[in-house]
Amino acid sequence: MKAYIAAPYTQKSVDWGKGAYGVIKDTEYRKFLEMIDTIIKNTGHDTHLPHRDLNNWGEAYIEPEKLVQLCLNEIKAADIFVAYPENSAGVYIELGWANLLGKKIIIIAKKGEIQSSMILGLSNTKIITIENKEEIKEKLENALKAIE
């Protein structure tokens, strides 16, 4: 099975230059996303982390129109959609695509984040709430087992 990992990009990027987004240089954020990726891989799934796999954290610029199509294609190819949305409009667009495509969805939310009633109403979705990064491993592993 393959998992697509969605997380904020644009709001985490810097050095935009003349493009629609910049480069993600925040090493802690990159490590956090890589940790999610590793947890999923360690449960036997292939992964696609677009931040890294499509444009190398922004080092390889892709025009937004092409980027949209590439991400949609990867979501179509995935079995599981794992989202760390924070307040990213892009992640919520991808989440809508994943839901329409019938993907199994896991949402990683920070404790205290209010979830939309629309998200709470998705039948194919598991929401895990974390207080700190140390909680992710066990909770994500359990969520992956529960939706397989």
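Values for this structure:
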read-out	value
Flag if Tyr4 is of a type outside the set (A, V, I, L, M), modelled with pLDDT under 95 and either in contact with a helix residue (DSSP H, G or I) (Cβ under 7 Å, 6 or more places away or on another chain) or in a loop (DSSP other than H, G, I, E, B) (or both)	no
Scan of the range 94-148 for residues that are small (Gly, Ala, Ser), in a helix (DSSP H, G or I), at pLDDT 85 or above and more than 18 Å from Lys41 (Cα to Cα), ordered by number	Gly96, Ala98
Qualifying residue in the range 88-109 (condition: over 20 Å from Ser123 (Cβ atoms), surrounded by 12 or more Cβ atoms within 10 Å (Cβ to Cβ) and among the charged types (D, E, K, R))	no
Scope the range 71-87; condition closer than 25 Å to Gly112 by Cβ and crowded, with 16+ Cβ neighbours inside 10 Å; matching residues	Phe81, Val82, Ala83, Tyr84, Pro85
Only listed residue being polar (S, T, N, Q), under 17 Å from Val91 (Cα atoms) and at pLDDT below 95, chosen from Asn73, Asn55	Asn55
The range 120-143: number of residues that are touching a strand residue (DSSP E or B) at 6+ places or on another chain (Cβ under 7 Å) and not polar (S, T, N, Q)	9
Filtered residue count, the range 12-44, keeping only those that are out of contact with any Gly (no Cβ under 9 Å at 6 or more places or on another chain) and either at positive phi or surrounded by fewer than 19 Cβ atoms within 10 Å (Cβ to Cβ) (or both)	17
Checklist (1) touching a Pro at 6+ places or on another chain (Cβ under 9 Å); (2) under 26 Å from Lys111 (Cα atoms); (3) modelled with pLDDT of 95 or more applied to Leu67, failing item	(2)
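The values are calculated or read from the model by the stated rules, or taken from the named source; none is laboratory data. These figures come from a predicted structure and were not determined experimentally. Reconstructed Cβ throughout: ideal geometry from the backbone, glycine too, with neighbour counts over all protein chains shown.
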